[in-house]
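J.: For reference, the structure I am asking about is given below.
Any read-out appearing in this document is the output of simple, stated calculations on the displayed coordinates, not a laboratory observation. Small disclaimer: the values here were computed from a predicted structure and weren't measured. Cβ sites come from the backbone with ideal geometry, for glycine too, and all protein chains shown count toward neighbours.
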């Protein structure tokens with residue numbers, strides 16, 4: 001789909017040109033193929049879809065994680081009842097619930113979501129894959145690698161879950177991906193067996209960072225991410241903003257912080273720098289998780305959000321970089337449009353990739369929870 005965004009302020013997150021006061025972006029085949037100041041070239045006006053509004057700001061979509069997405073949904077229910085409820089739910093029930101969760105996070109600005117699951121039921125994995133592929137929301141499922149399962153069992157679970165994808169392109173275009181989380185040296189051999197057999201990303205604690213470097217001297221060229229590194233010279237994520245180092249991402253274990261507005265506020269509360277906080281959530285997180293480009297420039301993946309500051313309750317405002325960032329940090333924004341992999345997922349505040357049936361089913365399940 002060819003999409004033209006014009007007359008927009010653009011926070012590119014590109015150090016060469018971080019802000020365009022009024023410009024255009026042209027998207028084709030899932031990537032940004034042109035952008036610049038002022039008016040677009042005449043030939044770009046023949047796009048399939050044109051977004052042209054005053055007081056809009058475009059920036060890379062937010063990347064959130066690594067909290068448990070199931071806990072996020074069940075945040076109003078006592079933890080001891082969660083397992084019992086999940087056992088009662090069918091795969092189609094879970095599919096509807098997860099589809100609602102993913103799209104609600106996207107409505108708040110998330111275009112990439114990473115979730116860490118601890119020994120999940122296979123039907124949860126299948127439901128997440130099905131929901132993410134049908135709603136076209138970039139999702140990575142992280143699995144804790146411990147001694148409870150052997151490598152072949154984990155590999156089979158991943159392969160079986162991927163079969164639930166509603167769209168084959170969701171896998172080839174990395175809308176769906178899997179990650180392995182290693183917490184001790186005993187799991188390294190198991191991880192190597194899986195990595196040699198299936199395409200996955202690897203997350204590791206700082207305690208085994210050096211061991212991985214010894215095994216893989218070219219680790220910077222592989223799909224490896226270090227969590228809470230002592231020496232952040234490779235792709236790095238901090239689970240606690242108080243330990244954050246420049247150029248790294250921040251992805252807390254707290255499932256409540258899957259909501260990008262909450263993550264932005266919490267990041268700003270701790271590091272006390274508005275520009276840096278927005279940069280972390282919209283750019284550094286994407287880059288360090290190797291999940292999206294985290295920048296608006298030519299040939300980058302088109303994972304972007306458009307914020308509407310034209311009318312109350314959050315507008316109009318001066319369309320300057322500082323004013324836009326200030327409003328983002330204060331959660332004073334409405335996501336007008338979300339584009340993921342070049343596809344429009346949300347437009348004019350309306351979610352386009354979730355069915356009314358899924359919403360009704362989720363409502364019905366919640367009503368049943370109340371009766372328990």
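J.: Name the residue, out of 163, 83, 91, whose mean-square fluctuation peaks in a Gaussian network model built on the chain with Cα pairs under 10 Å.
T.: The residue that fluctuates most here is 83.
J.: Need one number for region 1-118: average projected area of the convex hull over its C-alpha atoms, nm².
T.: Working: hull surface 40.8 nm².
Seen from a random direction, the Cα hull of region 1-118 projects 10.2 nm² on average.
J.: Distance between the C-alpha centers of region 136-162 and region 31-104? Whole Å please.
T.: Region 136-162 and region 31-104 have Cα centres separated by 22 Å.
J.: Roughly what percent of Cα-Cα pairs across region 249-363 reach past 16 Å?
T.: Value for region 249-363 (Cα pairs over 16 Å): 67 percent.
J.: Over region 315-372, what number does the Rg to Rh ratio reach, with both radii from the alpha-carbon atoms and Rh per Kirkwood?
T.: Result for region 315-372 is an Rg/Rh of 1.18.
J.: FRET efficiency for residue 1 and residue 271, Cβ-Cβ distance as r, R0 = 45 Å, nearest 0.05?
T.: 0.75
J.: Another question, then. Can you tell me the length gained on complete extension of the stretch residue 290 to residue 172, counting 0.36 nm per residue apart and subtracting the Cα distance?
T.: Contour length minus Cα-Cα distance gives 41.0 nm.
J.: Using the Cα atoms as the points, what is the convex hull volume per residue of the chain in Å³? Don't skip to the end; give the middle numbers.
T.: On the way: hull volume 51.7 nm³, N = 372.
Measuring per residue, one finds 139 Å³ for the Cα hull of the chain.
J.: Next up: With the Cα gyration tensor of region 110-263 in hand, convert its eigenvalues to equivalent ellipsoid semi-axes via √(5λ) and list them largest first in whole Å.
T.: Values for region 110-263, descending: 24, 20, 14 Å.
J.: Would you mind giving the three semi-axes, in whole Å and largest first, of the ellipsoid equivalent to region 68-119 according to its Cα gyration tensor?
T.: Its equivalent ellipsoid spans semi-axes of 20, 13, 10 Å.
J.: Continuing with the same structure: Can you work out the FRET efficiency for the pair residue 90 and residue 149, with r the C-beta to C-beta distance and R0 = 25 Å, to the nearest 0.05? Don't skip to the answer; put the middle values down first.
T.: On the way: r = 24 Å, r/R0 = 0.96.
Efficiency at R0 = 25 Å is approximately 0.55.
J.: Here is a further query. In Å, the Kirkwood hydrodynamic radius of region 164-203 over pairs of distinct alpha carbons?
T.: 11.4 Å
J.: Return the calculated 222 nm mean residue ellipticity for the chain, to the nearest 500 deg cm²/dmol, obtained by summing -39500 (n - 2.57) across DSSP H runs with n ≥ 4 and dividing by the residue count.
T.: Numbers: 13 runs with 124 residues, N = 372.
Calculated at 222 nm, the ellipticity per residue is -9500 deg cm²/dmol.
J.: How would you rank 213, 233, going from fewest to most other Cβ atoms within 10 Å of each one's own Cβ? Display every interim value, and only then the final one.
T.: Working: 213 17, 233 11.
Neighbour counts put them in this order, fewest first: 233, 213.
J.: Same structure again: Compute the helix-to-body angle for 356-371: its Cα long axis versus the longest principal axis of the chain, expressed 0 to 90° and rounded to tens.
T.: Here the helix axis deviates by roughly 50 degrees.
J.: Direction-averaged shadow area of the convex hull around the Cα atoms of region 95-153, nm²?
T.: 4.2 nm²
J.: Could you tell me what percent of the DSSP beta bridges with both partners in the chain are antiparallel, to the nearest 5?
T.: Working: 29 of 63 bridges.
Approximately 45 percent, going by the DSSP bridge assignments.
J.: For region 109-190, what class follows from the C-alpha gyration tensor (a ≥ b ≥ c being the square roots of its eigenvalues): rounded when a/c is under 1.5, otherwise prolate if a/b is larger than b/c, else oblate?
T.: prolate
J.: Could you calculate the FRET efficiency of residue 75 with residue 41 from 1/(1 + (r/R0)^6), where r is the beta carbon distance between them and R0 is 45 Å, rounded to 0.05? Before the final figure, lay out each step's value.
T.: Values: r = 48 Å, r/R0 = 1.06.
So, using R0 = 45 Å, E works out to roughly 0.40.
J.: So, one more: Quick one: Debye curve from the C-alpha atoms of region 1-47, no solvent, what's log10 I(q)/I(0) at q = 0.22, 0.32 Å⁻¹?
T.: So the normalised log intensities work out to -0.73, -1.20.
J.: In what sequence, highest mean first, do 9-18, 147-156, 127-136, 353-362 appear when ranked by Cβ atoms within 10 angstrom?
T.: The packing order, highest mean first, is 127-136, 9-18, 353-362, 147-156.
J.: In addition: Describe numerically, in nm with one decimal, the distance between label points set 7 Å from Cα along Cα→Cβ at residue 330 and at residue 16.
T.: Roughly 3.5 nm, to one decimal.
J.: What ranking do 49-57, 103-111 get when scored by the average of other Cβ atoms within 10 Å per residue, highest first?
T.: Taking the mean over residues of other Cβ atoms within 10 Å, the ranking is 103-111, 49-57.
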